[in-house]
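See below for the structure under consideration.
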Amino acid sequence: MTRERQAGPEGGAASQFRPRGTAFLLAQVGAHAAARFAERISVLGVVPADVGLLRMIAMQPGRSQQSLAGELGVVPSRVVTLIDGLERKKLVERRRNPQDRRNYALYLTDDGMRVMAEMRELGSAHEDEICAALDRTQREQLAGLLEAVAAQQGLAYGVHPGYRQPSL
């Protein structure tokens, strides 16, 4: 369906209430992309919050729960709850930190590494689906523009702000 057809007839009282603007489009596409991503990865038995944590642990094996809390901007007890879920799914294991026995070091299990490998394929397919209307140059330009907006808004690079919501 074309944009003109979706928008309805031009003019009239209804047209003044039609959603417009970049912020609305970002929210609309973002909500759609997030829902499609969650649907796509459900075959792996994970949710988007799991994937983000697995990625962060994979990038820095042996990191502490406290370092995750700091990077995510949440209280440490929140991370404990999130890691408990990943541990129940047998995707992450806690090991005593040899330098500080009060802290745990986090590592992906073999299953966790398998899920991450499958995620790369699913993530690539997801990106291709969501950005199918754009050529490579347009995708790169859009990514650069969105990175600039995210930086200006003070969003931590690579960290989804949804972790700060208690429902995740």
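Tabulated data for the structure shown
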quantity	calculated
From the options 35, 69, 27, residue that is under 14 Å from residue 126 (Cβ atoms), aliphatic (A, V, I, L, M) and assigned to a helix (DSSP H, G or I)	35
Residues located in the range 154-168, provided they are touching a Leu at 6+ places or on another chain (Cβ under 8 Å) and either surrounded by fewer than 13 Cβ atoms within 10 Å (Cβ to Cβ) or modelled with pLDDT under 75 (or both)	161, 162, 163, 164, 168
Condition met for residue 120 (in a helix (DSSP H, G or I), free of Cβ contacts under 8 Å to residues at least 24 places away in the same chain and loosely packed, with under 11 Cβ neighbours inside 10 Å)	yes
The range 72-110, residues that are among the basic types (Lys, Arg) and either under 21 Å from residue 123 (Cβ atoms) or touching a residue at least 40 places away in the same chain (Cβ under 8 Å) (or both)	78, 89
Filter pass, residue 45 being modelled with pLDDT of 90 or more, closer than 17 Å to residue 158 by Cβ and loosely packed, with under 13 Cβ neighbours inside 10 Å	no
Among the candidates 82, 106, 86, residue that is surrounded by 15 or more Cβ atoms within 10 Å (Cβ to Cβ) and not in a helix (DSSP H, G or I)	106
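The values are calculated or read from the model by the stated rules, or taken from the named source; none is laboratory data. Not measured: the values here are computed from a predicted model. Because the Cβ atoms are built from the backbone with ideal geometry, glycine has one as well, and the counts that use them run over all protein chains shown.
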